[in-house]
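J.: Below is one structure. I have some questions about it.
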Amino acid sequence: MALKYRALILGILFLLVAQAPAEPKMMRPMETLQGPIDQIIAILNDPSYKGAEKRSLQREKIWAIARPVFNFDEISRRAVGNTWSDFTMDEKTRFTAVFSQFLGSTYIDKLQGEFNSEQIDFDKELVKGSKALVRTRLRRKNLEIPIDYRMHQVDGDWKIYDILVENGVSLVKNYRVQFTSILKGGTPAQLIDRLEKKLDGQNTPASKPK
């Protein structure tokens, strides 16, 4: 009798395991990028967004897709460099908020103003531990522009922390040079105020903190 019940219990457990939903597959770095980039290109090509009155809506859609793929905490820390330790906790929070919105507004402006049915080729991903480099190419008629994305894992998800364009020009390093120059003769609060003024001047939906 004991063997009979044991077999019944094992049978029930087998069925429960067989019917249990599979663990979600962790996305690879390239997969993490490809979906959002394809969605953004589709929005840029969508004729329903043509016209000045639809520009703001298009910006909001692009920003909503792009923002979660970036680790703006890490981007902000790297863009400031060694002087990050001079920021108070409040200044770090304020800087990260305004810098992320400033980046979003600046580069969505470029996308909306310069995009002309380009295509993105995803070439390869190079993964080493919790960091990765995803190599892509932007194809524009007879021109190809290499764009590499530096990514790392944050709570199991792959996030962008830097972008390299053409000859390896780093977005983070470019801003670090600017910010280092400003901070040599100024304070973190002054740098934040300067960014906030630039952000207010852009006056676009994507640049409004949520």
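J.: According to the square roots a ≥ b ≥ c of the eigenvalues of the Cα gyration tensor, what is the shape class of segment 26-207, taking rounded for a/c under 1.5, prolate for a/b larger than b/c otherwise, and oblate for the remainder?
T.: Oblate, because a/c is 1.5 or more while a/b does not exceed b/c.
J.: Separate question: Decide, for segment 23-101, between rounded, prolate and oblate: order the square roots of the alpha carbon gyration tensor eigenvalues as a ≥ b ≥ c, take rounded if a/c falls under 1.5, and otherwise choose prolate if a/b is larger than b/c, else oblate.
T.: It comes out oblate by the Cα gyration axes.
J.: Only four residue types carry charge here, +1 at the Cβ of Lys and Arg and -1 at the Cβ of Asp and Glu. Report the dipole size of segment 36-171 about the Cα centre in Debye, rounded to the nearest 20.
T.: Charge dipole, segment 36-171, about its Cα centre: 200 debye, nearest 20.
J.: While we're looking at this one, here's another question. Could you give the length gained on full extension between E144 and S117, defined as 0.36 nm per residue of separation minus the Cα-Cα distance, in nm?
T.: 8.4 nm
J.: If amide H atoms are built 1.01 Å from N in the plane of the peptide, which residues on other chains or at least 5 residues away come under 5 Å of the amide H of V154?
T.: K159
J.: Between L133 and K198, what is the FRET efficiency for a Förster distance of 41 Å, r being their Cβ-Cβ separation, to the nearest 0.05?
T.: 0.85
J.: Could you go through segment 123-134 in sequence order and give the Karplus-derived ³J(HN,Hα) for each residue, using 6.51 cos²θ - 1.76 cosθ + 1.60 with θ = phi - 60°, rounded to whole Hz, and x for Gly and Pro?
T.: 3J(HN,Hα) across segment 123-134, in whole Hz: 7, 6, 10, 10, 10, 9, x, 9, 10, 8, 10, 10.
J.: Explain nothing, just compute: Karplus ³J(HN,Hα) = 6.51 cos²θ - 1.76 cosθ + 1.60, θ = phi - 60°, for every residue of segment 188-195 in order, whole Hz, x for Gly and Pro.
T.: Once rounded to whole Hz, the list reads x, 4, 5, 5, 4, 4, 5, 5.
J.: How high is the relative contact order of segment 26-207, in percent, with contacts defined as C-alpha pairs under 8 Å that are six or more residues apart?
T.: 26
J.: Listed here are the pairs K61/K92; K54/K92; K54/K141; K128/K184; K128/K173; which of them are more than 31 Å apart at the Cα?
T.: Values: K61/K92 27 Å; K54/K92 34 Å; K54/K141 27 Å; K128/K184 35 Å; K128/K173 22 Å.
Long pairs (Cα-Cα over 31 Å): K54/K92; K128/K184.
J.: Something else about it: With each pseudo-label sitting 7 Å past Cα toward Cβ, what's the D155-T93 distance in nm, one decimal?
T.: Label at D155, label at T93, 1.7 nm between them.
J.: Each residue of segment 144-153 in order: what ³J(HN,Hα) in whole Hz does its phi give by Karplus 6.51 cos²θ - 1.76 cosθ + 1.60, θ = phi - 60°, with x for Gly and Pro?
T.: Each residue's phi maps through the Karplus curve to give 10, 10, x, 9, 10, 10, 8, 10, 8, 8 Hz.
Taken together, the values in this text are just the output of simple stated rules run on the coordinates, not laboratory data. Everything quoted here is computed from the prediction, not taken from an experiment. Ideal geometry is used to build each Cβ from the backbone, glycine not excepted, and the neighbour counts take in all protein chains shown.
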